[in-house]
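One structure below.
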Amino acid sequence: MRVWIDADACPKAAKDQLVKFALKRQFEVVLVAGQAQIKPAFACVKLIVVPSGPDAADDYLVEHAVPGELVICSDIPLADRLIKKGVAALDPRGKEFDPGNMGERLAVRNLFTELREQGQMSGGQGAYGERDKQAFANALDRILTRLQRARG
């Protein structure tokens, strides 16, 4: 089993937590990034740096992740593409993307993008804190267990 990470936007604390899970549960972690990153020094972790360009890392993830695998990403359009392909997707704050919530999440994302462009809103998400780390760990455990059971 593999878990992929859209590494450019993923908080370090979430990456570190995922590596701990990988060491304990014996699965591969693949970091996909548009720029060079520091790769944790464990054999179960791979780093793939894609050529720079709009959505290059996203396109790589959609092309290479397969059903039964998980992708960690905060990019809602990317998650939508993955879900449509049958790949599980989770954001680093512990919110799972699924076919039932994608329409609403895309609509909210588009609304906030429009409000920012009109200057009616600024900023993004708050700092990645302890509550986020715990929510991510709980959701990660639940999804990995579900995916492993599905594999038999």
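Structure notes:
- The residue list 92, 11, 40 contains one member that is farther than 29 Å from residue 152 by Cα, touching a Phe, Trp or Tyr at 6+ places or on another chain (Cβ under 6 Å) and either without any contact (Cβ under 8 Å) to a residue 24 or more places away in the chain or surrounded by 14 or more Cβ atoms within 10 Å (Cβ to Cβ) (or both), which is 11.
- The selection criterion, being part of a helix (DSSP H, G or I), surrounded by 21 or more Cβ atoms within 10 Å (Cβ to Cβ) and at pLDDT 95 or above, holds for residue 18.
The values are calculated or read from the model by the stated rules, or taken from the named source; none is laboratory data. Remember, it's a predicted structure, so these values are computed and weren't measured experimentally. Every residue, glycine among them, receives a Cβ derived from its backbone with ideal geometry; neighbour counts consider all protein chains shown.
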